[in-house]
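The values are calculated or read from the model by the stated rules, or taken from the named source; none is laboratory data. Just so it is clear, the model here is predicted, and its values are computed rather than measured. Every residue, glycine among them, receives a Cβ derived from its backbone with ideal geometry; neighbour counts consider all protein chains shown. Accessible surface is based on the protein model in full, side chains and every heavy atom, while ligands, DNA and RNA are left aside. Shrake-Rupley method; radii C 1.70, N 1.55, O 1.52, S 1.80 Å.
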Amino acid sequence: MATLLRADPTFYASPRLAAQAPPETLAYVVLVNPGEGPDGLATLDADRSSKTYGAVLNTLTTTHAGDELHHFGWNACSSALCPYAAHPHVERRYLLAPGIRSSRIYVIDTKPDPRAPRIVKTIEPEEIANRAGYSRPHTSHCGPDGIYVSALGSPTGDGPGGIFIIDHDSFDVRGRWELDRGPQYLAYDFWWHLGYDTMVTSEWGTPKMIENGVNPEILLKGGYGHQLHIWDLPKRRHRQVIDLGAEQQMVLELRPAHDPSKAYGFVGVVTSLKDLSASVWAWYQDGTTWKARKVIEIPAEPADPEQLPPLLKGFKAVPPLISDINLSLDDRFLYVSCWGTGEFLQYDVSDPFNPKKTGSVHLGGIVRRAAHPNSGPLNGGPQMVEVSRDGKRVYVSNGLYKAWDDQFYPDGLKGWVAKLDAGDSGGIEFDRKFFVQSDQRFHQVHLEGGDASSDSYCFA
């Protein structure tokens, strides 16, 4: 009898089809322990018809202390439907949660009980070091042929950082991705244009440069990352550097157009040495080369030095500190988190080179401490942002990285996750029924069945 193999029903050939999927009922969010204990993964009720909507349904605790879980991701997603995919029948079942401090990666199974995931395998730092030569895993993306993971540096805490591959099925580390890295040394995020055989990577710093907080000497010398790197994806070779200029410090989150026929995307820059402003740049293909152009600039806000942490007192201003951006699946709305000022912004980027501001709210902030409708004054600010597949729901959390949290919010950062509702024509407003707080720090959010930053698509 013939066996009929079907693709995972949460895989979609195009972003347009993904946007028509049923709304999520669960959200998963990483918990970082501010003390000495282990971290975890919380399951939140995202079903608006549920009596426990907006509540924590379950908390998974990891097996080790000191991991500092960071950007996590699915083992497989819609990219598995690409015509050349090696694993078209793999399931979106497992979440891979890297510890940016320990270099340990937890493989978490969501299938037996999606409300109560469980750890089924642990990838130890020695395996990553021995097979790939990397440490401090940061971001994972499910690719057509494996799980891609970025790493900030080498096992010694120096560079270079880069990307390694984990097998879809066994979760064994295959090895280093780069065959020829060219001049690339610093690493952070990565994404791709599957239709153009192109990968784009960004830069933060080596582990030694970032693990004890922002180093003012490195920052003022323009020593943190300020470049984008363009790669030949199938050949695994470096092709081009786009230098935004040494004053543009910490070129972080990458969000390419979801439409695989489009060759552009957006990247956030944390701060400018010129005036502490933050910015968003659009990269794009121009003939046979790639270029980048600043399309959004957000100024710093003057502030009383007495209200500022020691790191900022001399500047007499609050920098916006763009720490994350996200793009809706229809490529229409870009969301920008300003972790320093506490502002969360929405832009219409239908014309990617002429964004139009369409929404803004405030939560927390170094000085403002803006409240949610269901809270008192908040610290932290909008940090990681996730957008539902249909673009109608936006989730924001406030934890960044423990050493940096403590520098910018020295009174201690209490974790929160808020949800906002987005209008069809723009505009965002708080969902008063969804606001979660914790003594632990919330980092990244991912949604059941996928979201705006989980998947890449091979068809328009």
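Here is how the numbers come out for the structure above:
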| read-out | value |
| --- | --- |
| Matching option when the condition is part of a strand (DSSP E or B) and either modelled with pLDDT of 95 or more or open to solvent by less than 60 Å² (accessible area, probe 1.4 Å) (or both), among ASP47, ASP39, ASP8 | ASP39 |
| Residue within region 297-317 that is of a type outside the set (S, T, N, Q) and within 18 Å of the chain's Cα centre (by Cα) present | no |
| Residue satisfying all of: in region 86-101; over 14 Å from ARG6 (Cα atoms) and among the hydrophobic types (A, V, I, L, M, F, W, C); most open to solvent (accessible area, probe 1.4 Å) among these | ALA86 |
| Residue that is surrounded by the fewest Cβ atoms within 10 Å (Cβ to Cβ) [pool: residues in region 213-237 that are out of contact with any Asp or Glu (no Cβ under 6 Å at 6 or more places or on another chain) and in a strand (DSSP E or B)] | ASP232 |
| Yes/no for GLU91 being within 19 Å of GLY399 (Cα to Cα), touching an Asp or Glu at 6+ places or on another chain (Cβ under 8 Å) and touching a residue at least 40 places away in the same chain (Cβ under 8 Å) | no |
| Any chance HIS64 is surrounded by fewer than 15 Cβ atoms within 10 Å (Cβ to Cβ) and either in a strand (DSSP E or B) or of a type in the set (Ser, Thr, Tyr) (or both) | yes |
| First in region 404-423 and in contact (Cβ under 8 Å) with a residue 40 or more places away in the chain, second anywhere and open to solvent by less than 20 Å² (accessible area, probe 1.4 Å) and assigned to a helix (DSSP H, G or I), Cβ under 6 Å, 6 or more apart | LEU413/ASP405 |
| Per-region count, region 159-199, residues closer than 19 Å to SER78 by Cα and not charged (D, E, K, R) | 13 |
| Residue ID - most open to solvent (accessible area, probe 1.4 Å), chosen from residues in region 75-85 that are over 10 Å from GLY146 (Cα atoms) and either part of a loop (DSSP other than H, G, I, E, B) or in contact with a Lys or Arg (Cβ under 6 Å, 6 or more places away or on another chain) (or both) | TYR84 |
| Residue under evaluation TYR28, criteria (1) open to solvent by 10 Å² or more (accessible area, probe 1.4 Å); (2) farther than 25 Å from PRO207 by Cβ, criterion not met | (1) |
| Sole residue being out of contact with any Cys (no Cβ under 7 Å at 6 or more places or on another chain), acidic (Asp, Glu) and within 30 Å of GLY195 (Cβ to Cβ), chosen from ASP113, ASP145 | ASP145 |
| Tally, over region 381-416, of residues that are within 15 Å of the chain's Cα centre (by Cα) and assigned to a strand (DSSP E or B) | 7 |
